[in-house]
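> Have a look at this one.
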Amino acid sequence: MDIKTLIKETAAKVEARLNELLPGEDVAPVTLHKAMRYSIFAGGKRIRPLLCLEAAKACGGSADAALNAACALEALHTYTLIHDDLPCMDDDDLRRGRPTNHKVFGEGVAVLAGDALLTEAFAMLARVPANERYDAKDYITEFAFRTGSLNLVGGQVLDLEGEGRQLSVDELRAIHHGKTSALIIASLRLGGMAAGCTAEQLDALTAYGRDLGLAFQIIDDILDVTSSPEVLGKSIGKDAREQKATYPALVGLENARAEARALTAAARADLDVFSARRAENLLAISDYLLKRDY
Ligand code: GRG
């Protein structure tokens, strides 16, 4: 299957399951459920669920075992986008090609829609089947670690504290690791764990996630300079206007591109423990993300 078809089919599968897992728009409180669904069903590339399901397959398991974990990752990711767009954070008007959640539902409901998606994510994870190596306690512990104060939320705090300061490349890497790579690592690890992976496979997925996550964020930084809101579905150029530290700002556009290429090559090498056939889709995803234009 070519990569574009894989992405499309995976997105459809994950969206169908999310639709089953989340309360309907007609369930009280109606405004809250409408707000949650507004953002989660607004599109999005569904990269984290894709990585989760493909990691399960690479480890010899079935994607179905990881489907509830894939949904948890997308629910959590959507919460971070809603909160990141708030006036007290990045203050954005456009996300996934639509007005941001707080522009439509107001700040209070947007905060709560994000909170509820975060909470629902844990309920989804609790429904991932146990296997001979891992159970719900392991999935929840992993997810909380990667998305809490030591990683994702911590990365957002480093980002807030970095505003208006000249950051070093190492400081920027730490922000990108927390805000972006941590959830990508969690996606891969949870897919592997749902498939009952070995310790060696889990280590390989972690290394791949670390390299791929940073490459993904560097491309995101580059697209913020080179793309358009129509293509990306979000506002662009804000980082530069607000003099925020980004890879292109710190090292220049061409060096940032070279770094993304080198990280993608490293990510591919991280998968050496898997057979080429098993890792085929993960390899294709890393190449696709490097060349993406949205
Ligand atoms: C705890 C108040 C509070 C907020 C959490 C953690 C956080 C806020 C924000 C981080 C969010 C963020 C924008 C991280 C950058 C990661 C990133 C590149 C997001 C965009 O991901 P894509 O391109 O988006 O996969 P789609 O829309 O395709 O899913």
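> Please name which of 10, 88, 101 has its Cα lying farthest along the dipole of the stretch 3-291 towards the positive end, using unit charges on Cβ (Lys, Arg +1; Asp, Glu -1) and the Cα centre as origin.
After comparing all options, I get 10.
> Have a look at 268, 133, 173 and tell me which one the Gaussian network model of the chain (Cα, springs below 10 Å) gives the largest fluctuation.
133
> Let me ask another. Can you bin the chain into rounded, prolate or oblate? Criterion: square roots of the alpha carbon gyration tensor eigenvalues sorted a ≥ b ≥ c, rounded for a/c under 1.5, prolate for a/b above b/c, oblate for the rest.
Oblate is the answer for the chain, as a/c is 1.5 or above yet b/c matches or exceeds a/b.
> Around residue 95, which amide H atoms from residues at least 5 apart in sequence, or from another chain, sit under 5 Å from its own amide H, with H modelled in the peptide plane?
100
> Just to be sure I understand the model, the point goes 7 Å from the Cα along the line to the Cβ. What's the resulting residue 41 to residue 119 distance in nm?
2.1 nm
> Sorted by packing (mean other beta-carbon atoms within 10 Å per residue), highest first, where do 59-68, 80-89, 202-211 land?
202-211, 59-68, 80-89
> Quick check on packing: order 250-258, 192-200, 175-183 by the mean number of other C-beta atoms within 10 Å, highest mean leading.
With the highest mean Cβ count within 10 Å placed first, the list reads 175-183, 192-200, 250-258.
> Which of the pairs 13/244; 13/238; 34/57; 8/34; 8/137 have their Cα atoms more than 26 Å apart in this structure?
In this structure, 13/244; 13/238; 34/57; 8/137 lie more than 26 Å apart at Cα.
> Express in nm, to one decimal, how much length is gained between residue 276 and residue 231 on full extension, taking 0.36 nm for each residue of separation and deducting their alpha carbon distance.
12.9 nm
> Here's something else I'd like to know. Going by a ≥ b ≥ c, the root eigenvalues of the Cα gyration tensor, does the stretch 154-249 fall in the rounded group (a/c under 1.5), the prolate group (a/b larger than b/c) or the oblate group?
Verdict is prolate for the stretch 154-249.
> Let me know the charge dipole size of the chain about its Cα centre in debye, to the nearest 20, where only the beta-carbon of Lys, Arg (+1) and Asp, Glu (-1) is charged.
Dipole of the chain, to the nearest 20 debye: 580 debye.
> Right, here's the next one. Pick from 141, 246, 78: which is most flexible by mean-square fluctuation in a GNM of the chain where alpha carbon atoms under 10 Å apart are linked?
Greatest mean-square fluctuation among the candidates belongs to 141.
> Work through the residues other than residue 223 whose Cβ is under 9 Å from its Cβ and net out their charges, Lys, Arg +1 and Asp, Glu -1.
Net local charge, residue 223 excluded: -3.
Values in this text are rule-based calculations from the coordinates and carry no lab data. These numbers come from a predicted model, not from an experiment. Positions of Cβ are generated from backbone atoms using ideal geometry, with glycine treated the same way; all protein chains shown enter the neighbour counts.
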